[in-house]
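The values are calculated or read from the model by the stated rules, or taken from the named source; none is laboratory data. Because the structure is a prediction, the values reported are computed rather than measured. Reconstructed Cβ throughout: ideal geometry from the backbone, glycine too, with neighbour counts over all protein chains shown.
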């Protein structure tokens, strides 16, 4: 996945939630821009409701689902 695409989604105002679908079938919901930290080759996604976090290599992002393509 292209780092710039994720960066644009995180910086878009007004922010629109999106879902990251990984190559192993997991789905990571980003409901607020503060829930994700974009690094050079990875994205860290947190879930404040259950205090969990996921580290995902950008290479393992299969698709990103936005409200426009849902």
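Does residue 7 meet the test of being on the phi < 0 side of the Ramachandran plot and loosely packed, with under 12 Cβ neighbours inside 10 Å?
no
How many residues, within segment 38-70, are part of a helix (DSSP H, G or I), within 14 Å of the chain's Cα centre (by Cα) and at pLDDT below 95?
Adding up the residues that qualify gives 1.
Does residue 39 satisfy the condition of being free of Cβ contacts under 8 Å to residues at least 12 places away in the same chain, surrounded by 10 or more Cβ atoms within 10 Å (Cβ to Cβ) and within 16 Å of residue 4 (Cβ to Cβ)? So that I can check it myself, show each step before the final result.
Details: free of Cβ contacts under 8 Å to residues at least 12 places away in the same chain: yes; surrounded by 10 or more Cβ atoms within 10 Å (Cβ to Cβ): yes; within 16 Å of residue 4 (Cβ to Cβ): yes.
Spelling it out, residue 39 is indeed free of Cβ contacts under 8 Å to residues at least 12 places away in the same chain, surrounded by 10 or more Cβ atoms within 10 Å (Cβ to Cβ) and within 16 Å of residue 4 (Cβ to Cβ).
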